[in-house]
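The values are calculated or read from the model by the stated rules, or taken from the named source; none is laboratory data. From a predicted model like this one, the values you see are computed outputs, not experimental measurements. Positions of Cβ are backbone-derived with ideal geometry, glycine not excepted, and every protein chain shown enters the neighbour counts.
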Amino acid sequence: MPVPTSPGQTFRCAALSAVKHDYVARGVISHPRFELTVVADDPYVPEWAHERNQQLADSFAVPYVRDVERALREYNVQVAIVSPEGERHCDLSIRAANRGVHVIQDKPLAVSRAAADALVATIEKNGVRFLMWNRNFIPAVLAAQRQIQSGIIGQPYAIHADFYFAKDAGPPKGSRQSGYPPVNWHAHQIASHVDGSDGGLGEHPMGELAIEGIYPLGYLQMLTGKDVRRVFARRASHFHQLYADNGVEDLASMTLEMEDGLIGSVALGRIGAASHNSGGEIKLHILGSDGALVINEALPNVGFFYRGQPAKEPRQRRVASNNDFLLAENFAQAIDHNIDTILGAHASRAIFSTIEAALASCESGLAVDVKYS
């Protein structure tokens with residue numbers, strides 16, 4: 001059973017590791033109904049992980065406890081914010097849910113089907129709410145949803161998402177000299193985590209389908225309400241030596257056969273900071289029986305250009321986005337009214353299943369059915 005809560009209350013939160021993305025915890029705490037009371041992790045994690053957890057705890061002036069169960073118990077926690085290395089996502093979320101604690105988790109959902117299934121079963125068994133942190137409340141995506149629901153383009157029959165992140169991931173492909181060892185995934189991700197170029201932090205190498213696929217697939221799921229039935233996918237290590245050395249993709253495409261004859265497609269990648277002046281090309285294209293929409297996900301934004309501008313400073317900056325606040329509000333309402341979130345456990349597993357099928361398609365060269373159970 002979930003820990004007792006009452007409508008309108010402030011929720012006591014534990015950040016269960018913040019070594020992957022502390023922006024998840026910071027985003028949740030931006031909402032007045034969520035209060036960070038403790039940061040916690042397991043005692044056996046490496047010292048660099050303890051240091052990063054301690055930094056988050058210090059920034060909010062809360063304790064850092066090297067014992068997850070003790071922190072959940074002694075600090076009367078109602079919400080766990082889970083953002084460790086990818087391999088540990090499900091473990092920490094399951095342990096929190098088994099104590100009746102509601103869970104907000106970083107992406108990806110899991111690194112294996114067994115872990116994904118175990119997490120969904122635990123969420124259901126304990127009756128707690130679950131939210132996969134996402135971008136579905138970005139203004140342009142909400143605008144697309146309103147346009148579709150208004151019927152202005154009629155019945156959608158095809159939807160495409162471009163999702164290109166203009167971020168680096170170490171040296172470019174082809175830069176490793178002959179005789180030098182391959183770039184070590186885990187060591188590189190730990191070192192690059194500080195400036196946000198880490199991608200999938202963890203010992204297990206993950207390509208962009210697993211790391212970022214949740215975002216465009218979350219858009220398609222939200223805008224259409226349809227499940228994916230079959231996937232045909234292609235991938236390549238095109239930009240970064242790190243990805244090439246570890247056999248994972250920094251560029252990929254998916255063609256999706258969805259329910260009721262709807263066709264979807266996604267093109268995504270980590271395409272390097274030099275490729276785009278505002279963080280990447282992220283657009284939605286929706287075709288309907290009576291018209292079409294093209295949505296620039298980065299809008300609205302403001303451009304900054306001046307003499308002596310640092311090379312890595314973004315030229316375009318998003319404005320008017322309350323995505324973090326709205327996600328937290330959605331989660332609070334889900335707890336208050338015992339309803340599902342914008343991206344709950346089952347919807348998150350559906351996205352995991354689509355990515356799983358896409359990776360299998362990349363290996364086989366064939367279209368693959370999505371396995372939901």
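For segment 247-280, what are the residues that are over 21 Å from the mean Cα position of the chain (by Cα), surrounded by fewer than 20 Cβ atoms within 10 Å (Cβ to Cβ) and on the phi < 0 side of the Ramachandran plot? Even if it seems obvious, please write down each step before you answer.
Taking segment 247-280 and keeping what is over 21 Å from the mean Cα position of the chain (by Cα), we get 247, 257-263, 274-277.
Filter once more, keeping what is surrounded by fewer than 20 Cβ atoms within 10 Å (Cβ to Cβ): 247, 257, 259-261, 263, 274-277.
Of everything in segment 247-280, those that are over 21 Å from the mean Cα position of the chain (by Cα), surrounded by fewer than 20 Cβ atoms within 10 Å (Cβ to Cβ) and on the phi < 0 side of the Ramachandran plot turn out to be E257, E259, I263, A274, S275, H276, N277.
Read through the list (1) crowded, with 22+ Cβ neighbours inside 10 Å; (2) not assigned by TED's automatic domain parsing to the domain that holds G202, then give the number of the only condition that N126 fails. The number of the failed condition is (1). If you scan segment 124-171, which residues turn out to be in contact with a Leu (Cβ under 7 Å, 6 or more places away or on another chain), in a loop (DSSP other than H, G, I, E, B) and among the aliphatic types (A, V, I, L, M)? Those that are in contact with a Leu (Cβ under 7 Å, 6 or more places away or on another chain), in a loop (DSSP other than H, G, I, E, B) and among the aliphatic types (A, V, I, L, M): I153, A169.
Table: residues versus (1) in a loop (DSSP other than H, G, I, E, B); (2) within 14 Å of I123 (Cα to Cα).
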position	(1), (2)
A49	no, no
R52	no, no
L56	no, no
E69	no, no
L72	no, no
V77	yes, no
A80	no, yes
L92	no, yes
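Across segment 94-105, not a single residue is classified as surrounded by 19 or more Cβ atoms within 10 Å (Cβ to Cβ), of a type in the set (S, T, N, Q) and more than 25 Å from S373 (Cβ to Cβ).
Yes or no: segment 40-48 includes at least one residue that is within 25 Å of A345 (Cα to Cα), in contact with a helix residue (DSSP H, G or I) (Cβ under 8 Å, 6 or more places away or on another chain) and not acidic (D, E). Within segment 40-48 (the criterion being within 25 Å of A345 (Cα to Cα), in contact with a helix residue (DSSP H, G or I) (Cβ under 8 Å, 6 or more places away or on another chain) and not acidic (D, E)), the answer is yes, since at least one residue qualifies.
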